Amino acid sequence: MDCVVTGGNVKVLAKAIHSLSRIGDELYVEPQDDGLALRSVNSSRSAYACFLFAPLFFSRYTIPSTHTFLCKMAIKSVQAVFRSLASLEKTVEKCHIKTDEQKNRLTFTLHCKHGLLKTHNLSYQDSESLQAVFDKDSCANVFRAQPRLLVDTVMHFPPSLEEVTVSVSSERMWIRNHVDEEADQSKAMLTELCLASDEFDHFVVQAHNSVTFCLKELRGLLLFAESTGLPVSMHFDAPGSPVVLSVTDSVLEGNFVLATLSDDPNHRGAITPPPPPPDDFMNDDIDSYLIAMDTSIAPEPSATGPPTPQLANSTCTKQPAAANHRRRLHSEEEEEEEDETADSDKPPNKKFCSLFFGSVLPSTSQMSTQPITSQEVLASDSEDDT
Amino acid sequence: MGRILLRGGPNKLPPPDKTKERKHRMKFRAKIIDFACLSHFSRVITTISKLTKTCVLRLTPDNLFFVLCGKVANGGVSMWCELSQANFFDEYQMEGVSSEDNEICLEVTPDNLSRALKTVQNAKSVKVKLTKKHCPCLTIAAELPTLSSISRVVTHDVPVDVIPRRLWHEFKEPSMPDFDVSIYLPPLKTMKNVVDRMKNLSNFLVIEANLNGEMNLKIETDLVSVSTHFKDLGNPPWGDDASQLGRPSQSRDPEDMAEARVDIRKLQQFLMGQQVNPSKAMCNIIHQTVIHLILLHEDMSLQYFIPAVA
């Protein structure tokens with residue numbers, strides 16, 4: 001492989017590598033006829049990302065005509081080549097990428113201003129091809145939005161947050177943080193954001209579903225989308241099947257495939273429609289926000305209990321059955337109560353489907369023209385076998 | 001509406017005197033529209049979040065108080081921050097536990113509130129209300145500007161603990177200590193720069209001041225002694241009406257220093273976190289007992305007590 005990237009495209013390439021680094025530790029490089037594919041997958045195989053740069057993206061693009069070339073390398077070392085995006089933009093005029101198959105080396109040469117050359121020789125390993133099995137065109141729900149909208153959305157969630165749940169109706173999308181059922185719900189801050197369909201460029205909902213996926217990879221894609229200004233598309237179906245986030249341009253395409261939590265079909269998130277729209281923002285009825293409390297006044301100095309009173313607990317819903325039973329008298333409580341208890345009785349069902357990848361492993365005798373056999377990857381460490 | 005909750009499981013607490021036990025409801029809802037008020041409120045909360053992980057929020061018809069009691073677990077520091085609601089909120093409705101105790105007392109995590117408020121800085125309006133979700137929450141709901149005809153609404157439910165009436169007495173305003181010396185502080189940035197550097201050398205700092213407007217910050221270790229001198233700082237005129245009658249400072253030699261040795265991290269925390277640009281900052285020292293830092297702003301005041309260590 002021998003290709004040259006010039007001008008602003010160097011930064012685009014760099015951003016793509018940075019956003020792939022949010023996915024996994026290794027970069028899979030595969031020069032194809034239709035362009036250079038850069039891929040990454042996370043260790044649990046629940047997230048996969050691929051950028052395909054069309055030949056037109058490059059000012060020179062030649063690939064070996066005789067055989068398929070495939071390699072992988074530590075993404076950190078490639079990131080190091082493009083470490084400072086700011087100086088990259090100012091100083092680098094072109095980037096030359098060349099393979100040396102005798103020495104198993106991939107060479108990045110940065111041609112900077114004033115004739116300065118920076119050469120990075122990175123050694124690589126041969127690898128199997130990495131391919132996720134997904135079909136975004138068959139997804140029931142399709143959205144497209146400017147990156148700004150999504151950036152403004154995810155900024156409401158703390159950086160430490162792992163997963164978000166996206167629910168859709170025909171006119172709205174709700175995004176809220178997913179709290180592990182094992183985690184202490186009473187301590188977690190819950191954030192929910194509601195977006196109207198007309199904030200999107202494209203909004204088609206055929207299935208009113210909720211899916212839960214990792215936020216980290218979405219942030220990774222947004223890093224790329226924001227700097228290139230490309231709109232982000234989102235495709236998803238039902239809980240358990242992957243959500244596909246993509247960016248497309250005439251010379252490049254990026255797809256991020258993220259596993260979603262497979263929900264128990266009885267689980268609330270899967271069957272109940274999204275929460276009622278908070279339309280009442282301006283005129284909510286204060287009476288519905290009451291918190292009952294006991295106000296017994298004990299003799300002052302003797303009260304030495306910790307300031308986390310049982311009182312607060314009694315407004316929470318995790319109660320012994322007896323307490324629940326007594327509260328059944330109050331119809332309004334009851335509904336909420338049952339909802340919550342039903343929920344907590346369920347075994348934890350947090351399980352990302354990590355089996356959605358097929359791995360394509362061309363044997364040495366096969367040429368690229370031959371059909372390739374696809375196999376399911378079942379174990380997370382299969383990439384180490386080659 | 002039958003929203004009265006019965007007490008939970010059987011062996012929770014010694015059963016309270018049934019005749020005294022009353023059930024009440026509380027309401028709280030407030031709204032900020034003004035951008036400057038919102039960012040000011042957010043800065044105050046952020047300042048508090050830098051001082052403590054959890055604190056108590058007392059809501060009264062006129063004020064909000066953030067209170068931290070001096071417990072051993074938090075190094076003995078205590079805090080009292082007072083905001084006048086009218087200066088922050090465009091709407092403010094509250095109903096306390098009863099007409100004679102018209103207050104609401106909550107244990108909150110200021111960091112959560114701060115994070116929630118930071119993300120809604122450019123909101124058209126922000127509401128803060130007490131809600132019953134999966135647990136009692138302070139819900140921060142913001143209406144964000146969009147190009148769409150429908151507003152973008154974000155809600156943050158910050159879990160809180162409701163503090164029962166019988167524990168309220170722990171969260172009273174601290175009385176003004178009978179200090180030996182009261183002095184205005186130099187610009188807090190300057191002070192922070194000094195303390196930051198001293199922190200690299202020692203864990204403890206001696207702060208001393210006199211009634212002649214002089215203050216020294218000192219560290220002493222086996223290897224090095226450093227002191228920074230400030231002069232002409234001025235001493236606040238705590239008049240006769242300040243009920244400081246008979247305090248020692250009235251007959252005190254102006255040159256005589258009162259000093260306290262404090263945990264330098266606590267002082268640094270105070271200087272680092274503060275984002276409110278106070279119109280006045282002062283420090284009261286009770287010789288070898290406590291320092292009492294006060295930040296005054298037109299619509300808020302923050303008091304912070306750091307105990308002296310031997």
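Just name the residue that is modelled with the lowest pLDDT out of those in the stretch B:203-246 that are in contact with a Ser or Thr (Cβ under 7 Å, 6 or more places away or on another chain), under 21 Å from B:ARG265 (Cβ atoms) and surrounded by fewer than 17 Cβ atoms within 10 Å (Cβ to Cβ). It comes out as B:THR221.
Taking the residues in the stretch B:54-88 that are in a loop (DSSP other than H, G, I, E, B) and out of contact with any Ser or Thr (no Cβ under 9 Å at 6 or more places or on another chain) as candidates, determine which candidate is nearest to B:GLN269 (Cα to Cα). The extreme case among them is B:GLY75. A count restricted to the stretch A:72-96 and to residues that are in a strand (DSSP E or B) and out of contact with any helix residue (DSSP H, G or I) (no Cβ under 9 Å at 6 or more places or on another chain) stands at 3. Only one of the listed residues (B:CYS69, B:CYS105) is at pLDDT below 90, out of contact with any Leu (no Cβ under 6 Å at 6 or more places or on another chain) and not assigned by the TED database to the domain that holds B:GLN303. That residue is B:CYS69. Counting the residues of the stretch B:98-126 that are assigned to a strand (DSSP E or B) and either hydroxyl-bearing (Ser, Thr, Tyr) or at the interface with another protein chain (Cβ under 8 Å from one of its Cβ atoms) (or both) gives 2.
A:ASP201 falls short on exactly one of the conditions (1) charged (D, E, K, R); (2) in contact (Cβ under 8 Å) with a residue 60 or more places away in the chain; (3) within 14 Å of chain B (Cβ to nearest Cβ), and that condition is (2).
The values are calculated or read from the model by the stated rules, or taken from the named source; none is laboratory data. Keep in mind that this is a model prediction, so the values were computed, not measured. Note: ideal-geometry Cβ built from the backbone for every residue, glycine included; neighbour counts use all protein chains shown.
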